[in-house]
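Read the structure below first, then the notes.
The values are calculated or read from the model by the stated rules, or taken from the named source; none is laboratory data. This one's a predicted model, so the numbers in the text were calculated from it and none came from an experiment. FYI the Cβ positions are ideal-geometry reconstructions off the backbone, even for glycines, and counts take in every protein chain you see. Protein only, heavy atoms only, side chains kept; ligands, DNA and RNA dropped before computing areas. Shrake-Rupley method; radii C 1.70, N 1.55, O 1.52, S 1.80 Å.
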Amino acid sequence: MTETALTWHRLPSRVLVLRILEVIKSFAIPIVLLFVLNNDWDSTFGIIIRVGILLFLLLDVVQKFFGWLNFRYALDEKTVYVIEGNWLKKEKSLPLYKIQSVHSNSPFLYRLLGVVELTFDTNANSDDASFKLAGVFPTEAKRLEEILEQVRHRKQNAQAVDDSEESDETPAQAAPVPTRLLYALSTREIVLASVTSLSVFAIFPVASTIISSIDDFINLDGAFNQVEDYVVHASIIVIGLLVIGVLMLSVVIGMIINFLKYGNFRLERRGERIRVEKGLLNRSAKEIPYEKIQAIRIKETFIRRWFHIVGVELVAAGTMDELKDESSTILPFVRRDRAMRVLREHFSQFTWSDDLHRLPRRALGIKLMRISWFGIILSGLVLYFFRDYAWWLLLLWAIIIGGRVLSFVTTKYVRTDRFIQLRTGAFNVRSFLTDKPRIEQIQVKQSLLQRRFGLCTVQFSTRGGILSIEVIDDIPKSEADAMLAWFSRYDEINENRSG
Amino acid sequence: MSETTSTPEEGVTPQRISGTLPIEARTVFRLSSSIFYIIGLLVTGALVAAAYWFDWPTWLQISFIVLLVIDVVYSLIDLIWFQKWKQERFTYDVQPLEIRIHHGIITTHDVLIPMTKVQYVHAAQGPILRKFGLQTITIGTAAGSHEIYAIEESFAKTLREQIAIYARIEEEDVV
C-alpha cells in the first residue's frame with residue numbers, strides 16, 4: 001500500500017549452515033553406503049554413481065544457497081511481503097490481519113543453531129495462504145509475534161461491537177494479553193502413559209518374529225533353540241522374570257519416546273488463543289484461535305480407560321498442515337477429572353452432558369448380524385492353509401464379537417438444544433462434542449439391513465477437514481430424523497419429508 | 001444462542017425449488033456406466049478365453065466363468081433396475097435456508113446442508129451430458145461436496161444462481 005521504504009530482511013546467515021546440514025542429512029544414507037561402508041572406485045559404474053551423488057549434493061547445496069540469498073521478507077504495519085524463488089521470482093504479500101495464528105517449530109538442528117521456524121497461518125485453505133520463515137532468531141520471532149499481536153488488537157477493538165458473548169468476559173485491552181498456563185504435563189503422567197500404552201505388549205510378537213527370522217537367516221546352530229529349551233525347562237520364576245524384564249524394556253523405550261515427544265508439554269491460553277508447546281529435542285509451539293475450534297474430541301484407549309486417562313483433541317479449521325500432525329492434541333494423556341476441569345473452565349463454549357442415551361436393544365442384534373468379511377476371509381485362510389492353528393480362530397471370533405458387544409455398550413449420544421455429543425468406538429472410545437452452528441452438514445444413511453431394524457447411521461461434519469467427520473452407527477430412525485429436524489432451519493421439516 | 005429462523009431479505013420471495021431428475025438422466029446413467037461394464041466384460045471375457053486357450057487349471061477356468069456370469073448378471077441388473085432407481089429415487093429440495101438431497105438405492109442417503117455453509121456451486125457437463133442437454137451441479141461446503149446429477153441445462157442455470165443468491169456467494173473479499 002504505502003510505498004515507504006521497506007526494510008528487507010534475509011534469514012540469518014546461519015540458516016545457510018542449517019540448510020547445508022539438512023542437505024547432508026538427507027543424503028546421509030547414500031553417503032554412508034557409498035563412501036564409508038563400500039568405498040570402491042574401481043568399476044566404472046561405481047565411479048559414475050559416486051560422482052553423480054556428489055554432483056547432486058553440490059547442486060542441492062548451490063540451490064539452497066541461492067534459495068537463501070533470494071528469500072527476503074519485509075513488513076510494514078499492515079502487510080507482510082515475501083520475495084522468493086531462484087528461477088521464478090515470486091512476490092507475495094499478505095495482509096497481517098488475515099494471519100490467524102503463528103506456529104513455531106524448532107527441530108533438533110534448528111535448536112542446535114539457535115533458530116526457530118515460524119509458520120504464519122491464515123484462515124484460507126489454499127497452499128498460498130500460509131507462509132514460512134524457515135529459520136529466524138527467537139528475538140526476531142518475538143518481534144514478529146508482537147507486531148501481529150498489535151494488529152490483532154486493533155482488529156479486535158474495531159470489531160468489539162460485533163463481539164457479543166466472548167468479549168463480555170475478557171474486555172479487549174491495549175495491554176499485552178497475559179499468558180495463562182492451563183496445563184503442564186508432569187513426569188509422573190508421562191511415565192504412567194508409557195506404562196499404560198498398548199504398545200508395551202507389542203514387544204512379544206515383534207521380538208519373537210525378529211528372533212525367528214534371525215534364526216532363519218543366520219544359522220546360529222540352534223543357539224536360540226537352546227534358549228527356547230532353556231525357557232521351556234526353566235522354572236516359572238525364571239520365565240516370569242524374563243517376561244517382566246522384556247516388559248520393562250519396552251516400557252523404558254516407550255517412556256523415552258514419550259519424553260522426547262511430550263517432554264515439557266505446556267498448554268497455555270493467551271487471550272483468545274490456545275497455545276500448545278511440546279517436545280524435548282524437536283520443540284514445537286502451535287497456536288489455535290478460539291474461533292477456529294470446531295469441535296472437541298476426547299479419546300480413551302482400551303487400557304488407559306481403566307486408569308481414567310484420556311487424551312483431548314481440538315478439531316480446528318485451518319490449513320492442511322493440521323491434518324498431518326497431531327498438534328491439535330491439547331492434552332495427550334491426563335486424568336479424566338483434570339481434563340474435564342480444563343475443558344469446563346476454558347472451553348466453556350462447549351458444554352459436556354453427563355447422561356447420554358444408549359442404543360436400543362435391537363442395535364445389538366444388527367451389530368451381531370453384520371457379516372465380518374475380515375473374520376470370514378481370515379478364517380478361510382487359516383482353515384485352508386494352517387489347520388493346526390485353527391483353535392486360534394476362537395480367539396479371533398471372541399475379539400470380533402466382543403468388539404461388537406462393546407461397541408453397542410459404548411455407543412451413546414445426546415442432543416441438547418445446542419450441542420450434539422457422541423460417544424463411539426469399541427475397544428478405544430472417543431467422545432465428540434460440537435454445536436449446531438459449527439456443523440457443516442448432516443448426512444443420514446440407511447442400509448438395507450438397517451432399514452429392516454429401523455436404524456440409521458448419522459454423519460456429522462464440521463469444517464475441520466477429514467478429521468472432523470464423526471459417524472454414529474445404528475441409532476433409531478426416529479432419533480436420526482429428530483436430529484435432522486433439529487439441524488434444519490425450518491420447523492415443518494417433518495411434514496415435507498418424503499419417506 | 002440458538003439459531004433464529006431469519007426470513008429472507010426484501011424483494012426475494014421465499015422460493016422453494018424441489019424435484020427429481022428428468023427421465024433422460026436414466027439414459028445418461030446407463031450410457032456412462034455401460035462403459036465400465038463393457039470394459040469389465042472384456043477383461044473377464046479375455047480371462048476366460050486365456051484360461052481355455054492356455055489350458056490353465058480347471059479350478060481357474062471355472063472361477064473365471066463364474067466371474068464372467070456374475071459380471072454379466074450384475075451389469076444387466078444394474079443397467080435395467082439400479083440406474084432407473086438411481087434416477088427415480090434422487091430428490092432435491094432447495095429452500096432459502098437449506099438444501100436437502102435424498103438419494104441412494106440400497107443404502108439411502110439423506111443430506112442436509114444449511115445455506116450459510118454453502119461455499120460454492122459449480123456446474124459441469126461431460127460429453128454424454130452435453131448430448132442430452134443436461135448439467136450436473138456440485139454444491140460445495142467446507143466439509144465436502146454434493147452433486148445434483150443430470151438436470152436440464154437452463155434449469156441448472158437458474159438453480160445454480162438461486163443457490164448462489166440464497167447462500168450469498170459473492171465475489172468481493174471481506175475487508
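The label point for residue A:291 and the one for residue B:158, both projected 7 Å from the Cα toward the Cβ, are 3.8 nm apart.
How much FRET efficiency would the formula 1/(1 + (r/R0)^6) give for residue A:6 and residue A:88, where r is the Cβ-Cβ distance and R0 is 22 Å, rounded to 0.05?
With R0 = 22 Å, the Cβ-Cβ based efficiency is 0.55.
Charged neighbours of residue A:359, selected by a Cβ distance under 9 Å, balance to +3 (K, R count +1; D, E count -1). For the range A:59-71, the Karplus equation 6.51 cos²θ - 1.76 cosθ + 1.60, evaluated at θ = phi - 60°, returns couplings of 4, 5, 5, 4, 4, 5, 4, 5, x, 5, 4, 8, 8 Hz by residue, with Gly and Pro reported as x.
Across the range B:73-147, the relative contact order, built from alpha-carbon pairs under 8 Å that are at least six residues apart, equals 18 percent. Rounded to 0.05, the FRET efficiency of the residue B:59 and residue B:33 pair, given R0 = 35 Å and the Cβ-Cβ distance, is 0.65. In this view, the solvent-accessible surface of residue A:40, computed with a 1.4 Å probe and all protein chains in place, comes to about 50 Å². With the convex hull constructed from alpha-carbon coordinates only, the range A:9-164 shows a mean projected area of 12.0 nm² over all directions. Each residue was assigned an accessible area with a 1.4 Å probe, and for residue A:145 the value is about 40 Å².
Probe radius 1.4 Å, ligands and nucleic acids left out: which of B:129, A:406 has the largest accessible area, and how do the rest follow?
A:406, B:129
Here's the picture: charge each Lys and Arg Cβ at +1 and each Asp and Glu Cβ at -1 in chain B, and of B:62, B:75, B:31 the one pushed furthest to the positive end of that dipole is B:62. Here the label points at residue B:165 and residue A:56, each 7 Å from Cα along the C-beta direction, are separated by 6.0 nm in the simple model. When each full DSSP H helix of chain B is screened for a Cα extent of at least 15 Å along its own axis and an average Kyte-Doolittle hydropathy of at least 0.5, the helices passing are B:24-53, B:58-77.
Subtracting the Cα-Cα distance of residue A:374 and residue A:180 from 0.36 nm times their residue separation leaves 65.0 nm of extension gain.
Applying 0.36 nm per residue to the separation of residue A:395 and residue A:113 and subtracting their alpha-carbon distance, the gain on full extension is 96.2 nm.
Going from the isolated chain to the complete set of protein chains, the range B:138-156 loses at least 50 Å² of heavy-atom accessible area (1.4 Å probe) at B:142, B:143. Computed over neighbours whose Cβ is under 15 Å from that of residue A:62, the net charge equals 0, Lys and Arg +1, Asp and Glu -1.
Going by accessible surface with a 1.4 Å probe and the largest first, A:237, A:401 read A:237, A:401. Accessible surface for residue A:463 stands near 80 Å², nearest 10, in the context of the full protein assembly shown (1.4 Å probe).
Of the residues A:90, A:292, B:84, ranked by 1.4 Å probe accessible area with the largest first, the sequence reads A:90, B:84, A:292. Summing charges over neighbours of residue B:31, with a neighbour being any other residue whose Cβ is under 15 Å away from its Cβ, gives +4 when K and R count +1 and D and E count -1.
With each label modelled as a point 7 angstrom along the Cα→C-beta vector, the residue B:81-residue A:362 pair spans 2.3 nm. When the GluC sites (Glu not before Pro) in the range A:12-84 are filtered for DSSP coil states and for at most 16 other beta-carbon atoms within 10 Å of their beta-carbon, the remaining sites are A:77.
The overall shape of chain B is prolate: from the C-alpha gyration tensor, with semi-axes ordered a ≥ b ≥ c, the ratio a/c is 1.5 or greater and a/b exceeds b/c. In the range B:38-175, Cα pairs under 8 Å separated by at least six residues give a relative contact order of 14 percent.
Full extension of the chain between residue A:270 and residue A:155 gives 39.8 nm of extra length, using 0.36 nm per residue less the Cα-Cα distance.
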